[in-house]
Amino acid sequence: MKRIIAPSFLASNFLQLNREIEMVNASAAEWLHLDVMDGRFVPNISFGIPVIEQIRKATNKVCDVHLMIVEPDKYIEAFHDAGADNISIHIEACPHLHRSIQLIHSFGMKAGVAVNPHTPINFLQDIIQDIDFVNLMSVNPGFGGQSFIEHTLIKIKELRKMIEDKDLNTLIEIDGGVTQENAKIIFDAGANILVAGSSVFKAENPKQAIVDLLEC
Ligand code: DX5
Ligand code: ZN
């Protein structure tokens, strides 16, 4: 099964962004995860369009933008213009999710649906065939450095079953609390993409940490 590591820049050193991006560029990571928070959908504010625009210029990796914001439709075009390749939006923030997914696809980007820890996998039943990946949150969104919620492992298996039953190629991304200790069990449960913030950027050797996560 396809395996991808997506280092999350939320845990990087913003004063050394250039160096952090060069590290990822030279690493085995295929995606680069960018967490956008609005202080409304989540109780924190991170970075936004101008920062992503600059990061885009410095990398050829897949820019995977995770929007933890209300009314994401308003900003899809702007994130596309800033250089996003993928956008995930929260099911809990989108009353017209199908329309929002169509909007992301209309700009040629890959579309993901992000689901909070309390949201049942069942809620993806009628949207899964229209999306490229699910961003299954394994922490409550808003902050890096939190602990992995164990119950996520059950949700990964349920989601994998749903995808197989429908004969789809939808990828499963796991976001939050991924470490060297739990990476294997997460991949084994059926995940494809591991987002890793603290466990990459706070590691002594981040490049090696990415390889270790990939080959766990
Ligand atoms: C949480 C973010 C995550 C976060 C992961 O709101 O969506 O992407 O940056 O950070 P770690 O890997 O430190 O839990
Ligand atoms: Zn994220």
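The values are calculated or read from the model by the stated rules, or taken from the named source; none is laboratory data. Predicted, not measured: the structure shown is a model, and the values here were computed from it. Every residue, glycine as well, gets a Cβ built from its backbone with ideal geometry; the counts of neighbours run over all protein chains shown. Note: areas computed on protein heavy atoms with side chains; ligands, DNA, RNA excluded. Shrake-Rupley method; radii C 1.70, N 1.55, O 1.52, S 1.80 Å.
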Q) Which Cα, out of 37, 201, 140, lies furthest along the positive dipole direction of the chain (beta carbon charges, K/R +1, D/E -1)? A) 201
Q: With θ set to phi - 60°, apply the Karplus curve 6.51 cos²θ - 1.76 cosθ + 1.60 along segment 34-42 and write out the HN-Hα couplings as whole Hz, x wherever there is a Gly or Pro.
A: 10, 8, 9, 10, 10, x, 10, 5, 10
Q: Express in Å², to the nearest 10, the accessible area of residue 164 obtained by rolling a 1.4 Å probe over the protein heavy atoms while all chains stay in place.
A: 120 Å²
Q. Too long at a 23 Å Cα-Cα cut-off: which of 2/155; 2/57; 74/157; 2/61?
A. 2/57; 74/157
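Given a 1.4 angstrom probe, what's the average accessible area per residue across the chain, in square angstrom?
On the way: 9860 Å² over 216 residues.
Here the per-residue accessible area is 46 Å².
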Q: Would you please state the base-10 log of I(q)/I(0) at q = 0.19 1/Å for segment 1-46, with intensities from the Debye formula using one equal scatterer on every alpha carbon?
A: -0.68
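Over 30 Å, how big is the tail of the calculated P(r) for the chain, in percent of all Cα pairs? Don't jump to the answer; show the numbers that get you there.
Numbers: 3318 of 23220 pairs.
Value for the chain: 14 percent of Cα pairs lie more than 30 Å apart.
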Q: Write down the radius of gyration of segment 121-197 and its Dmax, each obtained from C-alpha positions, in Å.
A: 12.1, 35
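Dipole magnitude of the chain about its Cα centre, charges +1 at Lys/Arg Cβ and -1 at Asp/Glu Cβ only, in debye to the nearest 20?
Numbers: 18 positive and 28 negative charges, 38 e Å.
With Lys and Arg at +1 and Asp and Glu at -1, about 180 debye.
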Q. Add -39500 (n - 2.57) for each DSSP H run of 4 or more in the chain, then divide by its residues: what number comes out at 222 nm, to the nearest 500 deg cm²/dmol?
A. -9000 deg cm²/dmol
Q | Relative contact order computed over the chain (Cα-Cα under 8 Å; 6+ residues apart), in percent | A | 22 percent
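Summarise the accessible area of segment 1-146 (1.4 Å probe, protein heavy atoms) by the percent that is carbon and sulfur. Intermediate values should be presented prior to the final figure.
Working: 3290 of 6490 Å².
The C+S portion of the solvent-accessible surface of segment 1-146 is 51 percent.
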Q. Rg(Cα) of segment 1-90 divided by 2.2 N^0.38 Å?
A. 1.05
Q) What's the center-to-center distance, using Cα atoms, between segment 24-83 and segment 147-216 in Å? A) 20 Å
Q: Set the Förster distance to 30 Å, then compute FRET efficiency between residue 59 and residue 161 from the Cβ-Cβ distance, nearest 0.05.
A: 0.30
